[in-house]
């Protein structure tokens with residue numbers, strides 16, 4: 001099998017894949033495939049309850065204050081639901097523009113109310129996390145993207161404000177310990193750190209659920225989705241089941257060990273890049289992401305050559321996003337320290353070959 | 001393994017489950033799990049292209065006139081997207097109210113414009129397909145649910161009108177041959193006849209795509225989703241792949257043979273119900289569904305008893321919806337004639353036991 005550094009859909013733990021594969025033939029000896037079990041039956045209820053519990057527990061959040069909700073539609077549906085639910089037409093929401101996805105979220109905000117961009121690094125192709133200054137107290141919420149997959153940047157501190165913080169943590173959730181109770185709404189598409197494509201995890205403060213600003217179809221209302229415990233209609237059963245398997249895998253490792261492993265992986269790769277004469281890191285050092293490392297070569301002729309060289313050595317998914325170029329190695333939870341060591345040794349081997 | 005007559009998530013063909021299970025470990029010898037392959041890479045492009053082609057081909061639709069689009073959010077997101085896209089605030093859309101899901105679609109229509117209910121069987125607990133009378137020519141569209149899963153009723157003829165017909169075929173698509181070019185938009189959640197929960201197939205007439213009535217987030221716009229060939233953002237890769245496997249399975253059987261098998265299954269079960277002294281059919285005979293057969297016993301004491309009796313004989317998923325009671329056997333494509341013969345023999349065995 002290949003080592004897959006893709007930004008997402010991304011690598012999943014081997015044991016998750018094994019269990020998912022078996023469940024498709026016969027789920028837990030039920031005599032039914034996981035693809036066939038009813039979404040309102042006992043089997044799925046148990047999956048959902050455990051997934052909801054672990055989703056909060058691993059973030060250190062209290063289920064009296066927060067609720068986990070599983071939705072479809074990816075980050076883009078969240079971009080539209082956030083202002084639809086929490087921004088009245090005459091109100092203003094704050095946005096920090098730290099990348100393409102942050103811009104798309106902002107664009108959706110403008111469809112439903114006023115927006116105030118507190119900081120942007122767009123003019124510099126998002127190579128750093130912008131400063132955000134003071135947060136006006138009358139904002140309906142402040143939205144930001146804590147990890148910017150395309151550019152390899154990450155927030156290492158957060159706005160301090162009474163305004164509800166809404167954060168897209170798609171490409172980093174469950175990778176580091178934080179005080180997650182700073183946030184009122186956290187969302188993350190599964191296909192990075194949590195599971196396969198097809199489900200989005202929303203962790204929402206219960207008090208925010210009461211602040212819906214519009215009459216909405218139930219399927220587009222956080223309040224109604226939460227009230228129905230993610231089962232307003234048929235949920236994506238299999239992606240939720242795989243997410244549960246991954247959350248169990250994280251719990252068995254522990255969030256402390258998970259974070260340490262991620263720090264070790266990032267240190268290994270960034271050290272190799274910084275020591276290199278051929279490769280260099282793209283993002284501003286202080287804002288580097290622990291999940292996605294973007295790097296390039298000074299001479300573009302190496303781009304295709306190194307991609308081929310790596311592929312011959314079973315390393316895939318390291319092509320950089322077209323708007324940045326070069327290379328991007330995504331080191332989500334399921335990528336091991338050994339996987340990164342292997343990438344580092346291939347980087348060094350390539351340098352020795354071309355020098 | 002059990003025989004699963006559940007209304008959905010429903011049984012899938014054995015070979016689809018086998019292939020899906022293998023693809024999770026190593027997709028087509030790519031060295032990657034199907035859950036890990038990039039959604040913008042060659043592997044997924046090939047899956048999507050074949051799925052799009054088969055989706056239209058099996059309905060006899062021309063790809064110059066129609067496009068297949070895969071979305072998330074289930075039928076409920078379609079209920080809201082339809083009026084959001086095609087009903088301006090001062091316009092009127094027609095609805096035929098033939099069941100709970102038709103009512104929910106109607107409720108969503110009212111949020112965006114005016115609605116005109118051309119026919120309803122709500123007062124009779126939806127035991128039949130309502131008459132719909134003449135269709136006013138100025139309607140933006142006419143929406144109906146061709147098969148009503150909960151009540152076991154099905155449209156056997158369709159409104160004749162120039163108004164665009166929008167039809168929820170969730171629990172019957174690919175079960176019978178029809179002139180599908182009557183319809184401007186057909187949608188079906190996968191978890192009945194097409195694949196696992198987590199994806200919805202939309203087959204839309206290209207000329208309808210130009211009739212968007214509002215500025216919308218791209219993720220909620222049929223036009224933008226179609227323009228991006230279902231890959232505006234990360235699509236639900238695995239549910240789409242399973243749907244492709246099912247469409248291939250249907251193609252190998254052929255739509256003629258598929259319909260014949262479905263007719264045979266329905267005949268077997270309805271004959272057994274009609275011949276029974278203990279059981280009786282719920283839906284009006286002329287409107288009976290080929291997919292979902294609803295039946296009850298005159299004495300309710302048999303409900304739990306027969307469910308247990310069937311379960312002991314490995315038959316599950318036949319409990320009727322709570323709003324109808326009794327039993328419901330869903331005979332989607334993946335249920336074989338032999339499966340239905342088995343159910344019929346269990347029905348007869350039960351009758352002999354209690355008489």
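The values are calculated or read from the model by the stated rules, or taken from the named source; none is laboratory data. Bear in mind that the values here come from a model prediction, so they are computed numbers and not experimental data. For neighbour counting, all protein chains shown are included, and Cβ atoms are generated from backbone atoms with ideal geometry for every residue, glycine included.
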Filtered residue count, region A:113-139, keeping only those that are touching a helix residue (DSSP H, G or I) at 6+ places or on another chain (Cβ under 7 Å), in contact (Cβ under 8 Å) with a residue 60 or more places away in the chain and surrounded by fewer than 22 Cβ atoms within 10 Å (Cβ to Cβ): 1
Yes or no: region B:187-200 includes at least one residue that is more than 14 Å from every other protein chain (Cβ to nearest Cβ), out of contact with any strand residue (DSSP E or B) (no Cβ under 7 Å at 6 or more places or on another chain) and either closer than 18 Å to residue B:52 by Cα or surrounded by fewer than 24 Cβ atoms within 10 Å (Cβ to Cβ) (or both). no
State the number of residues belonging to region A:63-97 that are touching a strand residue (DSSP E or B) at 6+ places or on another chain (Cβ under 9 Å) and closer than 24 Å to residue B:235 by Cβ. 14
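State whether the residues of region B:240-258 include one that is part of a helix (DSSP H, G or I) and under 30 Å from residue A:105 (Cα atoms). Spell out the reasoning first.
Our first condition is that a residue be part of a helix (DSSP H, G or I); within region B:240-258, this holds for B:240-253, B:255-258.
Then drop every residue that is not under 30 Å from residue A:105 (Cα atoms), which leaves B:240-241.
Scanning region B:240-258, I find at least one residue that is part of a helix (DSSP H, G or I) and under 30 Å from residue A:105 (Cα atoms), so the answer is yes.
Return the residue satisfying two criteria in turn: it lies in region B:311-326 and is free of Cβ contacts under 8 Å to residues at least 40 places away in the same chain and farther than 20 Å from residue B:122 by Cβ, and of such residues it is surrounded by the most Cβ atoms within 10 Å (Cβ to Cβ).
The initial filter retains those residues of region B:311-326 that are free of Cβ contacts under 8 Å to residues at least 40 places away in the same chain, namely B:311-313, B:319-320, B:322, B:325.
With the extra rule that they be farther than 20 Å from residue B:122 by Cβ, the set shrinks to B:311-313, B:319.
Numbers: B:311: 14, B:312: 9, B:313: 16, B:319: 21.
Filtering first and then ranking leaves B:319.
Mind checking which residues of region A:300-310 are over 28 Å from residue A:173 (Cβ atoms) and either crowded, with 16+ Cβ neighbours inside 10 Å or touching a strand residue (DSSP E or B) at 6+ places or on another chain (Cβ under 8 Å) (or both)? Quick ask: steps written out before the conclusion?
In the first step, residues of region A:300-310 are kept if they are over 28 Å from residue A:173 (Cβ atoms); the result is A:300-309.
Answer for region A:300-310, where residues must be over 28 Å from residue A:173 (Cβ atoms) and either crowded, with 16+ Cβ neighbours inside 10 Å or touching a strand residue (DSSP E or B) at 6+ places or on another chain (Cβ under 8 Å) (or both): A:302, A:303, A:306, A:307, A:309.
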Could you check region A:22-56 and list, in sequence order, the residues that are at the interface with chain B (Cβ under 9 Å from one of its Cβ atoms) and surrounded by fewer than 19 Cβ atoms within 10 Å (Cβ to Cβ)? A:22, A:25, A:26, A:30, A:31, A:41
With the first residue restricted to region B:231-256 and required to be at the interface with chain A (Cβ under 7 Å from one of its Cβ atoms), and the second required to be surrounded by fewer than 18 Cβ atoms within 10 Å (Cβ to Cβ), Cβ contacts under 7 Å at 6 or more apart or on different chains are B:232/B:224
Report, by residue number, each residue of region A:202-225 that is within 14 Å of another protein chain (Cβ to nearest Cβ) and either over 29 Å from residue B:110 (Cα atoms) or part of a loop (DSSP other than H, G, I, E, B) (or both). A:212, A:214, A:215, A:216, A:217, A:221
Could you list all residues from region B:32-54 that are touching a residue at least 40 places away in the same chain (Cβ under 8 Å) and part of a loop (DSSP other than H, G, I, E, B)? B:34, B:35, B:37, B:39, B:40
Any residue that is out of contact with any helix residue (DSSP H, G or I) (no Cβ under 6 Å at 6 or more places or on another chain) and either within 14 Å of chain A (Cβ to nearest Cβ) or at positive phi (or both) - is there at least one of those in region B:335-349? yes
For region A:335-353, give me each residue that is assigned to a loop (DSSP other than H, G, I, E, B) and crowded, with 22+ Cβ neighbours inside 10 Å. A:335
Within region B:73-190, strands (runs of 3 or more DSSP E) holding 1 or more residues that are within 20 Å of the chain's Cα centre (by Cα) and closer than 19 Å to residue A:217 by Cα: B:92-97, B:142-145, B:165-168, B:185-189
Matching residues in region A:267-287 - criterion: being surrounded by 20 or more Cβ atoms within 10 Å (Cβ to Cβ) and either under 17 Å from residue A:176 (Cα atoms) or in the same structural domain as residue A:157 (by TED's automatic domain parsing) (or both): A:287
Out of everything in region B:2-21 that is within 8 Å of chain A (Cβ to nearest Cβ) and closer than 23 Å to residue A:16 by Cα, what residue ends up being surrounded by the fewest Cβ atoms within 10 Å (Cβ to Cβ)? B:18
